[in-house]
Amino acid sequence: MPLPSTDTVVLYPAADAESLRAGAVVLHVQPYGDGREVVLLDRTPAHPVDRAWPDQGPDRGSILVDERELPLADVIVAATDGTGLFIGDDVPVRRGTDGWAFVVAHVLETPSRIAVGDEVVVSIDARHRRALSVGHTLCHLASLALNAALADRWSKPVREDALARPDFDHEAIQSSTIVPNGSVDVFRLNKSLRRKGFATDGLEEALPALADITAAALGTWVATDAAVHIERDGDRLGDPRYWLCELPETSARIACGGTHVARLGELGSVSVQLGLDDDAGTPMLTMRCAADPA
(Lines give C-alpha, C1' and ligand atoms only; values in the text may rest on other atoms or scores of the structure.)
Protein backbone atom coordinates (compact mmCIF):
# COMPACT_ATOMS: atom_id res chain seq x y z
CA MET A 1 0.00 0.00 0.00
CA PRO A 2 1.30 3.51 -0.72
CA LEU A 3 2.59 5.58 2.19
CA PRO A 4 1.64 9.24 2.71
CA SER A 5 3.94 11.90 1.30
CA THR A 6 2.69 14.70 3.58
CA ASP A 7 2.22 15.08 7.33
CA THR A 8 -1.09 14.15 8.93
CA VAL A 9 -3.54 17.02 9.45
CA VAL A 10 -4.08 17.22 13.22
CA LEU A 11 -7.30 18.56 14.70
CA TYR A 12 -6.63 18.25 18.45
CA PRO A 13 -5.05 21.73 18.90
CA ALA A 14 -8.36 23.44 18.08
CA ALA A 15 -10.99 23.93 20.79
CA ASP A 16 -13.91 22.80 18.65
CA ALA A 17 -16.06 19.73 18.06
CA GLU A 18 -13.65 18.25 15.52
CA SER A 19 -10.89 18.17 18.12
CA LEU A 20 -12.78 15.28 19.72
CA ARG A 21 -14.65 13.64 16.84
CA ALA A 22 -13.98 13.89 13.12
CA GLY A 23 -14.29 12.05 9.86
CA ALA A 24 -11.19 10.90 7.99
CA VAL A 25 -10.04 8.84 5.02
CA VAL A 26 -7.78 5.81 5.39
CA LEU A 27 -4.42 6.26 3.61
CA HIS A 28 -2.48 3.19 4.71
CA VAL A 29 -2.90 0.00 6.76
CA GLN A 30 -0.20 -2.46 7.82
CA PRO A 31 0.54 -5.08 10.52
CA TYR A 32 2.32 -3.89 13.65
CA GLY A 33 3.66 -6.88 15.57
CA ASP A 34 1.85 -9.18 18.02
CA GLY A 35 -1.19 -9.27 15.76
CA ARG A 36 -1.79 -5.52 15.98
CA GLU A 37 -2.42 -3.14 13.10
CA VAL A 38 -1.47 0.43 12.23
CA VAL A 39 -3.89 2.72 10.42
CA LEU A 40 -2.82 6.04 8.87
CA LEU A 41 -5.46 8.68 8.11
CA ASP A 42 -5.44 11.95 6.19
CA ARG A 43 -6.61 13.83 9.31
CA THR A 44 -7.23 12.98 12.96
CA PRO A 45 -8.35 14.45 16.28
CA ALA A 46 -6.22 11.87 18.16
CA HIS A 47 -3.22 13.26 20.01
CA PRO A 48 -0.22 10.91 19.63
CA VAL A 49 2.66 10.32 22.01
CA ASP A 50 5.96 11.54 20.56
CA ARG A 51 8.84 9.31 21.66
CA ALA A 52 11.27 12.20 21.08
CA TRP A 53 9.60 14.15 23.94
CA PRO A 54 6.87 11.99 25.48
CA ASP A 55 5.51 14.47 28.02
CA GLN A 56 1.84 14.07 27.04
CA GLY A 57 0.68 10.53 26.39
CA PRO A 58 -1.76 9.35 23.72
CA ASP A 59 -5.45 10.01 23.61
CA ARG A 60 -7.94 7.26 24.30
CA GLY A 61 -10.70 6.63 21.81
CA SER A 62 -11.79 4.54 18.87
CA ILE A 63 -12.13 4.36 15.11
CA LEU A 64 -15.71 3.91 13.91
CA VAL A 65 -16.28 2.17 10.59
CA ASP A 66 -19.23 0.24 9.14
CA GLU A 67 -21.05 0.38 12.48
CA ARG A 68 -18.01 -1.18 14.17
CA GLU A 69 -16.16 0.49 17.04
CA LEU A 70 -12.43 -0.32 17.04
CA PRO A 71 -10.70 0.86 20.26
CA LEU A 72 -7.35 2.60 19.92
CA ALA A 73 -4.64 0.59 21.67
CA ASP A 74 -2.14 3.41 21.15
CA VAL A 75 -1.57 6.58 19.13
CA ILE A 76 2.06 7.25 18.20
CA VAL A 77 4.08 9.68 16.09
CA ALA A 78 5.60 7.87 13.09
CA ALA A 79 7.56 8.91 10.01
CA THR A 80 7.91 7.67 6.46
CA ASP A 81 10.26 8.32 3.57
CA GLY A 82 7.86 6.61 1.17
CA THR A 83 9.63 3.25 1.36
CA GLY A 84 8.93 2.28 4.98
CA LEU A 85 7.03 3.33 8.07
CA PHE A 86 9.06 4.02 11.22
CA ILE A 87 7.06 4.16 14.43
CA GLY A 88 7.92 5.64 17.81
CA ASP A 89 11.48 4.94 18.91
CA ASP A 90 12.33 3.71 15.39
CA VAL A 91 11.90 7.16 13.81
CA PRO A 92 15.43 7.94 12.53
CA VAL A 93 15.07 11.65 11.67
CA ARG A 94 13.78 14.89 13.11
CA ARG A 95 10.61 16.62 12.01
CA GLY A 96 11.14 18.81 8.98
CA THR A 97 13.73 16.53 7.39
CA ASP A 98 13.46 16.74 3.60
CA GLY A 99 11.79 13.75 1.99
CA TRP A 100 10.08 12.60 5.19
CA ALA A 101 6.43 12.83 6.24
CA PHE A 102 5.47 12.73 9.92
CA VAL A 103 2.20 10.94 10.53
CA VAL A 104 -0.11 9.81 13.32
CA ALA A 105 -0.11 6.03 13.68
CA HIS A 106 -3.40 4.71 15.07
CA VAL A 107 -2.70 1.30 16.63
CA LEU A 108 -5.46 -1.32 16.79
CA GLU A 109 -5.17 -4.51 18.85
CA THR A 110 -6.39 -6.80 16.06
CA PRO A 111 -6.74 -6.69 12.24
CA SER A 112 -9.65 -4.45 11.40
CA ARG A 113 -10.60 -5.19 7.80
CA ILE A 114 -10.19 -1.45 7.20
CA ALA A 115 -9.04 -0.68 3.65
CA VAL A 116 -7.34 2.26 1.95
CA GLY A 117 -9.98 4.74 0.85
CA ASP A 118 -12.46 3.85 3.58
CA GLU A 119 -14.19 6.74 5.30
CA VAL A 120 -14.04 6.43 9.08
CA VAL A 121 -14.77 8.50 12.17
CA VAL A 122 -12.25 8.97 14.97
CA SER A 123 -13.85 9.53 18.38
CA ILE A 124 -11.81 10.66 21.41
CA ASP A 125 -12.51 10.10 25.12
CA ALA A 126 -13.41 13.66 26.13
CA ARG A 127 -12.96 13.16 29.88
CA HIS A 128 -9.44 11.77 29.52
CA ARG A 129 -8.51 14.49 27.01
CA ARG A 130 -9.67 17.22 29.39
CA ALA A 131 -7.71 15.73 32.30
CA LEU A 132 -4.52 15.73 30.20
CA SER A 133 -5.27 19.24 28.94
CA VAL A 134 -5.62 20.46 32.53
CA GLY A 135 -2.34 18.79 33.41
CA HIS A 136 -0.50 20.26 30.43
CA THR A 137 -1.72 23.81 31.02
CA LEU A 138 -0.78 23.48 34.69
CA CYS A 139 2.67 22.19 33.71
CA HIS A 140 3.46 25.27 31.60
CA LEU A 141 2.11 27.63 34.21
CA ALA A 142 4.06 25.90 36.98
CA SER A 143 7.31 26.13 35.02
CA LEU A 144 6.91 29.92 34.90
CA ALA A 145 6.03 30.08 38.60
CA LEU A 146 9.02 27.93 39.60
CA ASN A 147 11.33 30.03 37.43
CA ALA A 148 10.16 33.11 39.33
CA ALA A 149 10.60 31.45 42.71
CA LEU A 150 14.20 30.47 41.87
CA ALA A 151 15.16 33.69 40.08
CA ASP A 152 17.37 35.03 42.88
CA ARG A 153 19.53 31.88 42.85
CA TRP A 154 21.18 32.84 39.54
CA SER A 155 24.46 34.76 39.64
CA LYS A 156 24.99 34.84 35.87
CA PRO A 157 22.69 35.76 32.98
CA VAL A 158 20.98 32.81 31.27
CA ARG A 159 18.20 32.35 28.76
CA GLU A 160 14.98 34.07 29.87
CA ASP A 161 11.53 32.50 29.95
CA ALA A 162 8.28 33.89 28.51
CA LEU A 163 8.05 36.31 31.45
CA ALA A 164 11.67 37.54 31.11
CA ARG A 165 12.91 35.60 34.15
CA PRO A 166 15.86 33.18 34.25
CA ASP A 167 14.59 30.00 32.61
CA PHE A 168 15.47 27.35 35.20
CA ASP A 169 12.98 24.98 33.58
CA HIS A 170 14.77 25.09 30.22
CA GLU A 171 18.27 24.91 31.71
CA ALA A 172 17.66 22.02 34.14
CA ILE A 173 14.77 19.92 32.83
CA GLN A 174 15.45 16.18 32.78
CA SER A 175 11.92 14.93 32.13
CA SER A 176 8.36 16.18 32.11
CA THR A 177 5.31 13.97 32.43
CA ILE A 178 1.71 15.09 32.02
CA VAL A 179 -0.69 13.10 34.20
CA PRO A 180 -4.46 13.50 34.50
CA ASN A 181 -5.04 16.88 36.17
CA GLY A 182 -1.36 17.30 36.98
CA SER A 183 2.29 17.05 36.03
CA VAL A 184 5.62 15.72 37.29
CA ASP A 185 8.81 17.56 36.32
CA VAL A 186 12.32 16.39 37.18
CA PHE A 187 15.27 18.81 37.07
CA ARG A 188 18.95 17.84 37.08
CA LEU A 189 21.08 20.11 39.26
CA ASN A 190 24.42 19.06 37.83
CA LYS A 191 27.82 20.74 37.63
CA SER A 192 26.96 22.28 34.26
CA LEU A 193 23.96 24.06 35.79
CA ARG A 194 26.05 25.32 38.70
CA ARG A 195 28.72 26.60 36.30
CA LYS A 196 25.99 28.60 34.59
CA GLY A 197 25.45 30.39 37.89
CA PHE A 198 22.68 28.47 39.68
CA ALA A 199 23.24 28.20 43.45
CA THR A 200 22.14 24.97 45.15
CA ASP A 201 23.37 25.88 48.64
CA GLY A 202 20.54 25.62 51.17
CA LEU A 203 18.07 24.51 48.50
CA GLU A 204 16.74 21.50 50.40
CA GLU A 205 15.91 23.58 53.46
CA ALA A 206 14.23 26.19 51.26
CA LEU A 207 11.96 23.75 49.42
CA PRO A 208 8.84 24.20 51.61
CA ALA A 209 8.99 27.98 51.18
CA LEU A 210 9.70 27.67 47.45
CA ALA A 211 6.72 25.34 47.02
CA ASP A 212 4.49 27.86 48.81
CA ILE A 213 5.77 30.71 46.61
CA THR A 214 5.21 28.65 43.44
CA ALA A 215 1.71 27.60 44.52
CA ALA A 216 0.79 31.18 45.45
CA ALA A 217 1.80 32.43 42.01
CA LEU A 218 -0.23 29.67 40.39
CA GLY A 219 -3.26 30.53 42.51
CA THR A 220 -3.01 34.20 41.54
CA TRP A 221 -2.80 33.38 37.84
CA VAL A 222 -5.64 30.83 37.96
CA ALA A 223 -7.85 33.41 39.71
CA THR A 224 -7.51 35.73 36.70
CA ASP A 225 -9.18 33.08 34.49
CA ALA A 226 -6.83 34.20 31.71
CA ALA A 227 -7.48 32.92 28.20
CA VAL A 228 -5.32 30.14 26.75
CA HIS A 229 -4.78 29.72 23.01
CA ILE A 230 -2.85 27.45 20.69
CA GLU A 231 -1.08 29.40 17.96
CA ARG A 232 -0.33 27.31 14.86
CA ASP A 233 1.92 27.88 11.87
CA GLY A 234 -0.12 25.27 10.00
CA ASP A 235 -2.52 22.39 10.57
CA ARG A 236 -0.13 19.47 10.00
CA LEU A 237 1.67 17.36 12.58
CA GLY A 238 5.10 18.81 11.85
CA ASP A 239 4.03 22.46 11.87
CA PRO A 240 5.18 24.49 14.91
CA ARG A 241 2.59 25.18 17.60
CA TYR A 242 2.71 27.43 20.66
CA TRP A 243 0.88 27.74 23.97
CA LEU A 244 -0.22 31.32 24.58
CA CYS A 245 -1.66 32.64 27.83
CA GLU A 246 -2.66 36.23 28.58
CA LEU A 247 -1.13 36.57 32.05
CA PRO A 248 -1.33 39.90 33.93
CA GLU A 249 2.41 40.49 33.42
CA THR A 250 2.44 39.79 29.70
CA SER A 251 1.35 37.34 27.04
CA ALA A 252 3.33 34.15 27.70
CA ARG A 253 4.30 32.04 24.68
CA ILE A 254 5.83 28.54 24.91
CA ALA A 255 6.48 26.05 22.10
CA CYS A 256 4.15 23.08 22.63
CA GLY A 257 2.56 20.26 20.66
CA GLY A 258 0.03 19.18 23.30
CA THR A 259 -3.56 19.95 24.25
CA HIS A 260 -4.81 22.56 26.72
CA VAL A 261 -7.86 24.03 28.42
CA ALA A 262 -9.33 27.28 27.13
CA ARG A 263 -9.06 29.31 30.35
CA LEU A 264 -6.96 29.13 33.50
CA GLY A 265 -10.07 29.12 35.69
CA GLU A 266 -10.71 25.56 34.53
CA LEU A 267 -7.77 24.40 36.67
CA GLY A 268 -9.63 25.13 39.90
CA SER A 269 -7.46 24.87 43.00
CA VAL A 270 -3.81 23.86 42.53
CA SER A 271 -1.08 22.41 44.73
CA VAL A 272 2.71 22.07 44.43
CA GLN A 273 5.16 19.67 46.04
CA LEU A 274 8.95 19.96 45.73
CA GLY A 275 11.37 17.19 46.62
CA LEU A 276 15.12 16.67 46.34
CA ASP A 277 16.68 13.28 45.55
CA ASP A 278 20.09 11.98 44.52
CA ASP A 279 21.08 10.29 41.26
CA ALA A 280 24.62 8.90 41.55
CA GLY A 281 25.79 12.03 43.30
CA THR A 282 23.76 14.52 41.25
CA PRO A 283 20.88 16.33 43.04
CA MET A 284 17.51 15.93 41.31
CA LEU A 285 14.67 18.33 42.02
CA THR A 286 11.15 16.98 41.44
CA MET A 287 8.09 19.22 41.16
CA ARG A 288 4.67 17.56 41.43
CA CYS A 289 1.67 19.71 40.58
CA ALA A 290 -1.99 18.84 40.89
CA ALA A 291 -5.21 20.62 39.97
CA ASP A 292 -8.76 20.15 41.20
CA PRO A 293 -10.64 21.23 38.07
CA ALA A 294 -13.66 23.45 38.42
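When LEU237, LEU247, LEU189 are checked against the criterion of being farther than 27 Å from PRO13 by Cβ and in contact with a Ser or Thr (Cβ under 8 Å, 6 or more places away or on another chain), a single residue qualifies: LEU189. Taken over segment 19-40, the criterion of being of a type outside the set (A, V, I, L, M, F, W, C) and within 19 Å of VAL134 (Cα to Cα) is satisfied by SER19 alone.
Over 24 Å from ASP233 (Cβ atoms), surrounded by 21 or more Cβ atoms within 10 Å (Cβ to Cβ) and of a type in the set (A, V, I, L, M, F, W, C): is that true of LEU40 in this structure? Spelling it out, it is not the case that LEU40 is over 24 Å from ASP233 (Cβ atoms), surrounded by 21 or more Cβ atoms within 10 Å (Cβ to Cβ) and of a type in the set (A, V, I, L, M, F, W, C). Of the residues examined, VAL272 is one that is in a strand (DSSP E or B), of a type outside the set (Ser, Thr, Tyr) and assigned by TED's automatic domain parsing to the domain that holds PHE187. Where residues in segment 169-187 are touching a strand residue (DSSP E or B) at 6+ places or on another chain (Cβ under 7 Å) and within 13 Å of ALA145 (Cβ to Cβ), which of them is surrounded by the fewest Cβ atoms within 10 Å (Cβ to Cβ)? Among them, the one singled out is ASP185. Before we move on, is VAL103 under 19 Å from ALA24 (Cβ atoms), buried (at least 24 other Cβ atoms within 10 Å of the Cβ) and β-branched (Val, Ile, Thr)? Judged against the criteria, VAL103 is a match. Among residues of segment 137-150 that are outside any helix (DSSP H, G or I), those with a beta-carbon under 6 Å from a residue that is at pLDDT 95 or above at least six positions away or on a different chain give the pairs LEU150/PHE168. One residue stands out among those in segment 218-248 that are in a loop (DSSP other than H, G, I, E, B) and touching a Phe, Trp or Tyr at 6+ places or on another chain (Cβ under 9 Å): the one that is surrounded by the most Cβ atoms within 10 Å (Cβ to Cβ), which is LEU237.
Quick one: in segment 3-50, of everything that is in a strand (DSSP E or B) and of a type in the set (D, E, K, R), which residue is nearest to PRO92 (Cα to Cα)? Going through the qualifying residues, I end up with GLU37. Among the numbered conditions (1) in contact with a strand residue (DSSP E or B) (Cβ under 6 Å, 6 or more places away or on another chain); (2) under 22 Å from GLY57 (Cα atoms), the only one that LEU141 does not meet is (1). The criterion of being over 22 Å from ASN181 (Cα atoms) and in the same structural domain as TRP100 (by TED's automatic domain parsing) does not hold for GLN56.
Residues of segment 152-167 include none that is at pLDDT 95 or above, hydrophobic (A, V, I, L, M, F, W, C) and part of a helix (DSSP H, G or I).
Restricting ASP277, ASP201 to residues that are among the charged types (D, E, K, R), farther than 19 Å from GLN56 by Cβ, in a loop (DSSP other than H, G, I, E, B) and free of Cβ contacts under 8 Å to residues at least 12 places away in the same chain narrows the list to ASP201.
Restricting attention to segment 242-294, the residues that are under 15 Å from VAL179 (Cα atoms), touching an Asp or Glu at 6+ places or on another chain (Cβ under 6 Å) and of a type in the set (Gly, Ala, Ser) total 0.
Tell me, yes or no, whether segment 218-230 has at least one residue that is under 23 Å from ALA290 (Cα atoms) and under 14 Å from the mean Cα position of the chain (by Cα). Yes, segment 218-230 contains at least one residue that is under 23 Å from ALA290 (Cα atoms) and under 14 Å from the mean Cα position of the chain (by Cα).
The values are calculated or read from the model by the stated rules, or taken from the named source; none is laboratory data. Predicted, not measured: the structure shown is a model, and the values here were computed from it. For neighbour counting, all protein chains shown are included, and Cβ atoms are generated from backbone atoms with ideal geometry for every residue, glycine included.
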